[in-house]
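The values are calculated or read from the model by the stated rules, or taken from the named source; none is laboratory data. All of these numbers come straight from a predicted model, not from anything done at the bench. With ideal geometry, Cβ positions are generated from the backbone for all residues, glycine too; neighbour counts draw on all protein chains shown. Ligands, DNA and RNA are excluded from the accessible area calculation, which covers all protein heavy atoms including side chains. Shrake-Rupley method; radii C 1.70, N 1.55, O 1.52, S 1.80 Å.
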Amino acid sequence: MRSADLLSFNLRLLTRQWFRTLMILLATAVGVAAVLLLTGLGEGARRFVLEEFSLLGQDTLIMLPGRKETTGGLPPLTGEGSRDITLADVAALERLSSISLAAPLIAGNAQVVYAGRNREVMTLGTSARFFEIRELTLKQGRSLPLIPLERAEAVCLIGPKAKADLFGSAQALGQWLRIGERRFRVIGIIEDRGQSLGMDVSDQLIIPVASAQQIFNVQGMFRVFLKVRPGSSMQQARSEIIDLMQKRHGGERDVTLITQDALLGAFDDILKLLTLSVGAIAAISLVVAGILIMNITLISVSQRTAEIGLLKALGASSKDIRLLFLSEAMLLALLGALIGIGSGYALLWLGHSLWPQFPVSVPLWALLGALSIALGVAALFAWLPASRAARLPPVEALHGEVGHA
Amino acid sequence: MIRLEQLCKTYHLGGESVHALDHMDLAIAAGDYLSVIGPSGSGKSTLLNMLGLLDTPDSGEYWLEEQQVSLLNEEQRAALRNQRIGFVFQAYHLIDRLNARENIELPLVLNGTPPKLRRPLIDELLQRLGLEKHALHLPHQLSGGQRQRVAIARAVIRKPALLLADEPTGNLDSHSSNEVIELLEELNGEGITLLVVTHDPKIGERAHRRLWMQDGRLTGENLDAESREGRTGRKDRKGSDDAQR
Ligand SMILES: Nc1ncnc2c1ncn2[C@@H]1O[C@H](COP(=O)(O)OP(=O)(O)O)[C@@H](O)[C@H]1O
Ligand SMILES: [Mg+2]
């Protein structure tokens with residue numbers, strides 16, 4: 001039998017029993033769409049997390065006040081009951097041989113006023129180093145000046161969103177605005193690069209760390225970002241930092257160091273679980289589709305007994321008959337899978353247009369996997385009924401059911 | 001063309017064994033017109049299915065065109081059915097979702113004939129059997145006689161050597177019966193070997209060679225005079241047949 005004839009023969013069958021066809025198409029499509037959707041979302045979540053935390057870079061450490069074991073659970077986001085990390089500590093850290101850059105960070109919400117507009121804006125106190133470590137770039141103006149950490153200069157940089165809120169479309173560079181009780185001159189506008197580490201730089205103000213100490217009336221650092229010098233190992237840097245801090249804090253080990261690996265490790269379990277459940281759900285839904293295909297094919301074989309006998313009488317071999325039923329099931333699975341792929345991508349696209357910040361992308365393995373599982377399951381489950389049809393003795397098949405035509 | 005030697009087929013039904021074919025010996029020459037007449041259950045269909053390679057004997061030998069059938073595998077037998085044998089059944093066995101043309105086309109579709117080559121063959125046959133108007137009709141839109149003619153067209157589309165008809169008129173009124181039988185006889189006149197199975201002596205009598213069957217055995221045989229004389233001058237004989245009637 002030529003493939004074109006096989007195709008039209010099968011299509012004739014499928015369109016004639018449209019309800020049955022629709023059900024199988026639906027089942028297969030749902031299965032395949034589920035695989036794409038779930039893996040798409042899972043992959044999106046994974047990328048989201050990676051993008052968030054890879055901003056830190058492999059060679060960056062974050063130091064927090066307070067001691068917490070980094071194994072198990074997320075590291076503490078706020079320090080408590082420990083000695084402050086001072087600006088002098090930060091300066092000393094940067095002098096370590098294994099550290100190339102150290103940036104202090106104090107953060108808080110501050111009341112910001114410009115020309116009568118009043119906004120609460122997340123304000124970061126840090127140094128010029130922060131821009132290097134976080135790889136922030138400027139749209140306009142210049143970065144924080146390279147001044148001693150203790151000097152509170154009245155300058156600030158502003159994120160594009162905060163700028164739009166406060167200044168509208170007016171010129172911001174060079175303008176004076178009030179943060180808390182103090183006045184600051186805008187010297188730069190930060191390039192927008194979206195969310196990072198849960199902090200939206202575009203919605204923030206950046207000022208010298210000493211100024212932030214005054215505004216928020218705090219001494220200790222909220223965090224310290226540390227970049228390991230190229231050529232030094234993470235391990236070496238870590239122990240040098242711990243030793244230094246212990247010495248400076250009177251023998252007390254009261255800081256926590258976290259790395260990207262530790263952070264990502266915390267998410268790893270969740271992501272693994274997610275992937276696992278994705279696989280399980282997808283597999284179940286496709287196996288359900290497969291069982292449906294098997295049942296339908298069995299029914300089809302018993303309904304078409306006389307036809308099988310006839311086709312054999314007209315010269316179809318057992319192989320031809322098996323091919324006929326297998327290809328019918330495969331055609332159904334293929335059409336269903338294509339519909340599933342179409343609707344799966346459509347839904348992901350819809351989701352992406354609703355939440356643009358969440359990256360969705362179906363990994364190629366999931367696409368090919370879904371397609372081949374759908375076809376494989378169809379072939380597997382249709383094999384039994386197709387072989388049963390192929391084995392039917394022609395005489396009995398002809399007599400099995402006398403067609404009404 | 002066909003030789004059966006001691007062919008046996010036994011069915012076991014609930015402890016009872018039925019000898020559907022009981023040590024059957026039979027030879028059929030190419031171009032013959034045979035009928036097998038017998039009461040229901042005498043083994044006629046079983047014989048026809050054996051001859052048509054639809055069934056396999058329990059014992060005995062079957063030679064079809066000098067080929068020992070028992071040595072063929074399933075695929076070879078299927079190919080032989082497709083090329084050399086045409087079937088006509090009492091219940092027509094048309095596929096009801098396919099129109100007349102597509103039903104006739106099936107043997108060509110199964111052997112992989114390209115559509116371009118199929119078309120003229122079918123057109124010619126449709127015209128010959130007066131079915132052009134019904135080419136696109138589904139079986140349920142056709143009368144019994146028309147359906148059987150479609151079935152006959154399907155049986156001969158591959159120009160087989162052997163045409164096997166199992167009660168071809170069993171579901172038809174006498175007028176359609178006549179038409180169908182005449183069509184079969186016309187095909188026989190063109191050289192195709194025709195075997196008609198029937199329980200109706202009136203139909204059976206028309207064959208040149210008539211076999212009576214009972215309980216899986218041949219109980220009698222009748223040969224027309226001309227047939228006994230030799231199998232040449234077929235045209236003439238057909239003429240004399242008509243004269244007799
Ligand atoms: N598949 C079968 N299983 C059991 N018995 C069968 C089968 N086919 C035929 N028979 C029996 O074999 C005998 C001959 O049947 P068959 O050749 O169909 O007779 P006919 O065509 O002359 O009416 C009958 O007694 C029938 O019951
Ligand atoms: Mg019968």
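Listing for the model above:
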{"quantity": "Out of B:Glu167, B:Glu182, sole residue that is open to solvent by 10 Å² or more (accessible area, probe 1.4 Å), of a type in the set (Asp, Glu) and in contact with a strand residue (DSSP E or B) (Cβ under 7 Å, 6 or more places away or on another chain)", "calculated": "B:Glu167"}
{"quantity": "Extreme residue, surrounded by the fewest Cβ atoms within 10 Å (Cβ to Cβ), among residues of the stretch A:1-10 that are within 18 Å of A:Ile308 (Cα to Cα), under 44 Å from the mean Cα position of the chain (by Cα) and within 11 Å of another protein chain (Cβ to nearest Cβ)", "calculated": "A:Ser8"}
{"quantity": "Segments classed as helices (runs of 4 or more DSSP H), wholly inside the stretch B:110-220, with at least 2 members that are within 16 Å of ligand 2 (Cβ to nearest atom) and under 12 Å from the mean Cα position of the chain (by Cα)", "calculated": "none"}
{"quantity": "Residue in the stretch B:98-114 that is least open to solvent (accessible area, probe 1.4 Å), counting only those that are more than 20 Å from B:Leu80 (Cα to Cα) and more than 8 Å from every other protein chain (Cβ to nearest Cβ)", "calculated": "B:Ala100"}
{"quantity": "Filter pass, B:Leu48 being aliphatic (A, V, I, L, M), more than 8 Å from every other protein chain (Cβ to nearest Cβ), within 16 Å of ligand 2 (Cβ to nearest atom) and closer than 16 Å to A:Leu314 by Cβ", "calculated": "yes"}
{"quantity": "Matching residues, the stretch B:75-97, being among the aliphatic types (A, V, I, L, M) and facing chain A (nearest Cβ under 7 Å)", "calculated": "B:Ala78, B:Ala79, B:Ala91, B:Leu94, B:Ile95"}
{"quantity": "Single residue of the stretch B:14-40 satisfying the filter (within 16 Å of ligand 2 (Cβ to nearest atom) and open to solvent by 70 Å² or more (accessible area, probe 1.4 Å)) that is nearest to the other protein chains (Cβ to nearest Cβ)", "calculated": "B:Ser40"}
{"quantity": "Single residue of A:Leu177, A:Leu146 found to be over 34 Å from the mean Cα position of the chain (by Cα) and either modelled with pLDDT under 90 or part of a strand (DSSP E or B) (or both)", "calculated": "A:Leu177"}
{"quantity": "Wholly within the stretch B:1-102, strands (runs of 3 or more DSSP E) carrying at least 1 residues that are within 16 Å of ligand 1 (Cβ to nearest atom) and either among the basic types (Lys, Arg) or farther than 22 Å from B:Thr219 by Cα (or both)", "calculated": "B:2-13, B:16-28, B:85-88"}
{"quantity": "Tabulated pairs, the stretch A:258-273, first hydroxyl-bearing (Ser, Thr, Tyr), second modelled with pLDDT of 70 or more and in a strand (DSSP E or B), C-beta under 7 angstrom, 6+ apart or interchain", "calculated": "A:Thr259/A:Leu61"}
{"quantity": "Test for A:Ala346: is it open to solvent by less than 20 Å² (accessible area, probe 1.4 Å) and of a type in the set (A, V, I, L, M, F, W, C)", "calculated": "no"}
{"quantity": "Complete set of residues in the stretch B:1-12 that are away from ligand 2 (no atom under 16 Å from the Cβ) and without any contact (Cβ under 8 Å) to a residue 12 or more places away in the chain", "calculated": "B:His12"}
{"quantity": "Filter result for the condition that a residue is away from chain B (no Cβ under 14 Å) and at pLDDT below 90, over A:Leu364, A:Leu384, A:Leu375, A:Leu332", "calculated": "A:Leu364"}
{"quantity": "Which numbered condition A:Leu205 fails, given (1) in contact with a Leu (Cβ under 9 Å, 6 or more places away or on another chain); (2) open to solvent by 10 Å² or more (accessible area, probe 1.4 Å); (3) not in a loop (DSSP other than H, G, I, E, B)", "calculated": "(2)"}
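Each row is one residue, and each column tells you yes or no for (1) modelled with pLDDT under 80; (2) open to solvent by less than 60 Å² (accessible area, probe 1.4 Å); (3) out of contact with any strand residue (DSSP E or B) (no Cβ under 6 Å at 6 or more places or on another chain).
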residue: A:Arg253; (1), (2), (3): no, no, yes
residue: A:Ala262; (1), (2), (3): yes, yes, yes
residue: A:Leu286; (1), (2), (3): no, yes, yes
residue: A:Asn295; (1), (2), (3): no, no, yes
